[in-house]
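The values are calculated or read from the model by the stated rules, or taken from the named source; none is laboratory data. Everything numeric here is computed off the predicted structure, so don't read it as measured data. Cβ: placed from backbone, ideal geometry, glycine included. Neighbour counts: every protein chain shown. When the accessible area is computed, the model is the full protein with side chains, heavy atoms only, and any ligands, DNA or RNA have been set aside. Shrake-Rupley method; radii C 1.70, N 1.55, O 1.52, S 1.80 Å.
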Amino acid sequence: MNKKKKSNRLRILSWLLVICGLYFVFFPNKYTSSSFFDFFKGEPVGTDESINLDAFSRIPVLRGGRVKPIDSVARNTLLVLRNKRTAIDSNGSDVPAVKWLADLLFAPERADSLKTFLIDHDQVLGLIGKKLAKDGKYFSYLDLEPFVEEIEKSAQEAGRLERENRNYFHQNIIELYHGLVLYRNLKTTLTPPPHAPSSAVHDHSRLSPLFYNSETDGARSDEYQRFRNLTSDLANNPEKVRMGNNEAMGPLMYFIDYYARYNLYAEFFPLPPEMGESGGKWRKIGESLVGTEPLDSKEKAKIEPARFISTVQALVASPDEELPNQIKSIRQNLKMDPTALFAAQYAEAIKLRKGVDPIIENYEQLESAYRAGDAQTFNETVQNIREEINQRAGAEISTIAFEKTYNGYEPFYRSSIGYLWIFLIACASWLISVYLKPGDGQSGAARTLLNCAYLLTGLVLIAHTFGLAGRMYIEGRPPVTNLYSSALFISWGAVVLCFLTEKFLRLGIASAMGSLIGFGGLVVAHNLSIDSSLNPSGDTMEMMRAVLDSNFWLATHVVTITIGYSTTFLAGFLGIAYVFSMLFRKLTRSKKKGKDLDRTLVSMIFGITCFSLFFSLVGTVLGGIWADQSWGRFWGWDAKENGALLIVIWNAIILHARWAGIAKVRGLSALAIFGNVVTAWSYFGTNMLGVGLHSYGFMDKAFVPLMAFIGSQVAIIGLAYLPAFFSLLFKKSSKPA
Amino acid sequence: MPEKPKKSISSLSERRKRFAWLIPFANLRITLTLLSFSMILIFVATLEQVRIGIRGAQAEFFESMYGIWYYPTQFWGGEYFDSIPIPIPGGYLLGGLLILNLLAAFITRFQWTGKKMGIQFIHLGIIMLLVGQLATQAMQEESRMQINKGESKNYLERFHGVELAFIDVTDAQTERVVALPEALLEQGGLHYSEDLPFKVRVLDFGPNCEFNSLPPASKAKGPTEGVNRGVIQSANLEIRPKPEDFSSEGMNFGYVVFELLEGAESLGTWAAISHPAGNHWWAQINPKMGDLAFQPIRMNGRLWGATLRPEREYLPYSIELLGIANEFYQGTDIPFNFESEIVLNMEKNESRRALVYMNTPLRHEGKTFYQYQMNKSADYTVFQVVRNPSWLVPYIACILVSIGLLWQFSFHLVRFLNKNSGANRAAA
């Protein structure tokens, strides 16, 4: 009776756990705004009463070479600034990323008081007169504003040092400075910086009537319109482009210079290509008015004034159809001639750039509506902007809606928490099987929990798989494109293998170790995503460098080599499982099932090492073929290549040691655990050397965690031999007696 | 059925009898030892790349019988251990021994049966990979070819290695070039050629040096002490030899001091330095040194020029650069394309256009041209040119290993499925 009751209670508990898991994997919670089913639903319909930030967050813009929803820009920049995807207001409650960005773009004085910057280095805090214990580690722009100059000075001093010679203070101050620049650039993306014509060069009385005047002008685009009137007058009367015509040329030069410089202070590209424009370049506001400067601004000093003016005039005077070709020809053939290049930019600004983009005006309406809290105008204008972009941008924006929901679903956050739970449940099942007395229904109870862990693994795996598939869909790439996604994929591969193993061998070991690697891998991935030296834009879906831009090799070489890492780690973690279960048995002096368990573990480690050897060998060889195709050598002794070779050799050593009968149960486990060290070295360590073709970034921050990991693995290998060591001591001391 | 394994065993035992002396070499423990040493070698050589560069580490550790490693000073306890030389078995030693060990295992240990055939293929493939890598390291040549837009080139330049070239430019139409390759310069001594009106005595040569211009009054010491002709004398340059820098950014200024003789009579002593980026750079550094690209020597009414330059290889065809493209993702500094548009002018007046870009090199007559560097504003492109006669070997090796792995895996799979279905039947 009692037995039955207990196992019933457990059964109910495990079903509850599975239901919780179902809910957690598919439904929204405090930290994740979208549910799994949002992907299949349309966009939520907003009301006229409240500002619809969800619709606003779906506006496509271009940042980091990729068209993405504003939502991603908001989340990614906050990730860089605060390592979180939210800001904090003065009451200490979270502000969603998109609300923060709307404030920053349209009502910056509100955003300036939100806590946006993470500063946790004591020396940097000292610089701004704060203490970690008293003031916390999150600060608003207002907190930092008085110290901006000092921060800039220190950061520039730190920047002059060689990378290897920078200490933590230098790194942190540089990061903070980059964060401030990013913040200010976001602020001025839609709003140009203030006018400041130098009185030595410019005639202020001629310029100021053209400047935006908040009292007489409805919007800033009135100023843009006045500039357009000026250029269309010159376009129609090319003879006015001449020296001495200060009335037109003075303001023209000032505005072209000013708008071109404005490009440097804009963080993303809000304007899609113009209708029917081939090539499809997105533009910043300054760019849409005057194009971009062809060379560094310093090169302007080399312009020959007379030839410059005559070139501009000749270009402006040429017929509309020919001008684009003439400009193109200058840009291709006169690369060393600043006079001609700047003349081409002027001609483009005067004649080719026409009108003021309606989206600029729309964004200004958005600003005034947002500030006034006019929900109806705001929502309508958002709708207008999106329709205009939809018409102009073409296929580039097909994944925007998906990406917005994907951002809110946070598949990897869900999965990491899920894996942690699975690990705890699997551990609980072992404790039950050890501490419940035999015949107390223990096998049944433990088994119930194991089944529960197995089912939960399957559920969490859905979220994890969906996360990877979503990235592939958004990027149009194979799953592994950078270090971040390799960590996602390694953990995924290990969990899949464990799930399959657990299907046949319901011991809980595979569940526990799989979830442990899953959790660890996702934590590593998260830390990679917030490392601003590796991921300066905060976007983990960055563009691929030219040499990597080959989906075929990414899909074959990179994926196989990553599965190789994954399986080697799995074998190593199974080795760790052996060491701890062996120690546990020795400590509790329990003899039961020891031999069976050992045999199972050994065959699992052995089988998975076979997989590892296969994937790492095939992956390395494919890498060699890629290198032969791209660089003309199959093997170049590059640091990462050598790392991959070390894994191959180590796996071969493990297998041959087993075949030779040199390594038995403990030996095999110890070898497999050392495989973790080898893999960690070739995965992360080689990147830290900063040499060779595969060094994607100097990762000094990862050095301490890597050393800690290697140290822990060596310690576990030591533990494996501890009982043998003690028994040796014991024997020796007992002999004379 | 029982006859089959018997047969193979008997053939193996026969082999073991005939090659009994090989059995100790085929020991699996030897394999494990060699593999462990390989791990140490690869790890140490990777670390050393930070200090001496990839080429340096390759020469010291992989292309040698043994290398000497000094414990890095930056490591824990480095200040005490960094002076102890630690010998590390080199690539040639370990590679050779592994090949021997594998061959011995093939003869005395491997069963040549269907069941184990996969293993034979895998190890045969690995032998080929090892042999192929040894062959590649011995035979592969790497050079570069820099072309300006609109121009055409018909020679390659070595990344490492210089030559002392004498160029007869008396005729405006043709140039005659006589070059002394680095091997002869290193050897030193007196060299003569029918095509040269003088004999060349190499007095000093080094792969890298530092140099500075002394004030007119002071006298240069070191290798250029005896120089009495040419640019080095007129610019009063002093040279201090330096070891060759193997790192990837290494700039090696090779130098040579030579005396020209007509019969037994000395015409004078010259010296020359080569600029790693091309001798046309000398004029930019110092107008006085511009002539290092061409030090004039008049002889019997003909004008010769002497220069020390990267070793060249002339090709029977030429490559003309039409244009380059270097594109970036919008709003980033991440490049997504480096591309050179070229015309390949071959013998017999044949020509074809080609695009050379990332992952897509140009292959012609055993040489492969890869997009290597590019300068958009100065409009030139640099190809890395590789000749590797053994390039096919790793491909064949890979096919062998793949067949082997597939064979072995399918064998296991079939056995596993048979066992499972057998178990199911038993359970039923």
Looking at A:His526, A:His557, which one is open to solvent by 10 Å² or more (accessible area, probe 1.4 Å), within 30 Å of A:Phe268 (Cα to Cα) and at pLDDT 90 or above? A:His526
If you go through the stretch B:306-341 one residue at a time, how many are surrounded by 20 or more Cβ atoms within 10 Å (Cβ to Cβ), within 14 Å of chain A (Cβ to nearest Cβ) and among the aliphatic types (A, V, I, L, M)? 2
Provide a single number: the residues in the stretch B:275-315 that are touching an Asp or Glu at 6+ places or on another chain (Cβ under 9 Å) and small (Gly, Ala, Ser). 3
Residues of the stretch B:381-413 being open to solvent by 20 Å² or more (accessible area, probe 1.4 Å), under 24 Å from the mean Cα position of the chain (by Cα), within 8 Å of another protein chain (Cβ to nearest Cβ) and at pLDDT below 85, which ones? B:Trp391
Test for B:Phe416: is it within 12 Å of chain A (Cβ to nearest Cβ), modelled with pLDDT under 85 and assigned to a strand (DSSP E or B): no
Determine if the stretch A:543-554 includes at least one residue that is within 18 Å of A:Lys640 (Cα to Cα), at pLDDT 80 or above and in contact with a Pro (Cβ under 6 Å, 6 or more places away or on another chain). yes
Picked from the stretch A:125-157 (must be part of a helix (DSSP H, G or I) and under 25 Å from the mean Cα position of the chain (by Cα)), the residue surrounded by the fewest Cβ atoms within 10 Å (Cβ to Cβ) is A:Ala155
Among what's in the stretch B:171-188 and is assigned to a loop (DSSP other than H, G, I, E, B) and out of contact with any Phe, Trp or Tyr (no Cβ under 8 Å at 6 or more places or on another chain), pick the residue that is most open to solvent (accessible area, probe 1.4 Å). B:Gln173
Has the stretch A:297-310 got any residue that is open to solvent by less than 40 Å² (accessible area, probe 1.4 Å), among the hydroxyl-bearing types (Ser, Thr, Tyr), assigned by TED's automatic domain parsing to the domain that holds A:Phe227 and over 33 Å from the mean Cα position of the chain (by Cα)? no
Wholly enclosed helices (runs of 4 or more DSSP H) of the stretch A:1-109 bearing at least 2 residues outside the structural domain of A:Tyr138 (by TED's automatic domain parsing): A:2-26, A:53-57
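Take the conditions surrounded by 19 or more Cβ atoms within 10 Å (Cβ to Cβ), assigned by TED's automatic domain parsing to the domain that holds A:Phe227, part of a helix (DSSP H, G or I) and not β-branched (Val, Ile, Thr) and apply them to A:Glu348. Does it pass?
yes
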Failed criterion for B:Ala378 (all others in (1) in contact with a strand residue (DSSP E or B) (Cβ under 9 Å, 6 or more places away or on another chain); (2) within 8 Å of chain A (Cβ to nearest Cβ); (3) at pLDDT 80 or above hold): (3)
The stretch B:30-147: helices (runs of 4 or more DSSP H) wholly inside it with 1 or more residues that are polar (S, T, N, Q), surrounded by 15 or more Cβ atoms within 10 Å (Cβ to Cβ) and out of contact with any strand residue (DSSP E or B) (no Cβ under 8 Å at 6 or more places or on another chain) are B:91-108, B:117-139
Residue under question is B:Glu151, and the condition is that it be more than 30 Å from B:Phe411 (Cα to Cα), of a type outside the set (A, V, I, L, M, F, W, C) and surrounded by fewer than 17 Cβ atoms within 10 Å (Cβ to Cβ); does it hold? yes
Being free of Cβ contacts under 8 Å to residues at least 12 places away in the same chain, open to solvent by 40 Å² or more (accessible area, probe 1.4 Å) and not polar (S, T, N, Q): is that true of A:Leu507 here? no
Of all residues being within 14 Å of chain B (Cβ to nearest Cβ) and hydrophobic (A, V, I, L, M, F, W, C) in the stretch A:234-285, which is surrounded by the fewest Cβ atoms within 10 Å (Cβ to Cβ)? Just the residue, please. A:Leu264
What pairs come out if I take residues in the stretch A:41-64 that are more than 20 Å from A:Ala372 (Cβ to Cβ) and pair them with residues that are part of a loop (DSSP other than H, G, I, E, B) and among the polar types (S, T, N, Q) whose C-beta lies under 6 Å away, six or more apart or interchain? A:Gly64/A:Ser537; A:Gly64/B:Thr332
Identify, please: which residue in the stretch A:207-216 is surrounded by 11 or more Cβ atoms within 10 Å (Cβ to Cβ) and within 41 Å of the chain's Cα centre (by Cα) and is, among those, farthest from A:Leu289 (Cα to Cα)? A:Asn213
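Of the residues in the stretch A:613-634, how many are open to solvent by 20 Å² or more (accessible area, probe 1.4 Å) and within 10 Å of chain B (Cβ to nearest Cβ)?
Summing the residues that are open to solvent by 20 Å² or more (accessible area, probe 1.4 Å) and within 10 Å of chain B (Cβ to nearest Cβ) in the stretch A:613-634 gives 12.
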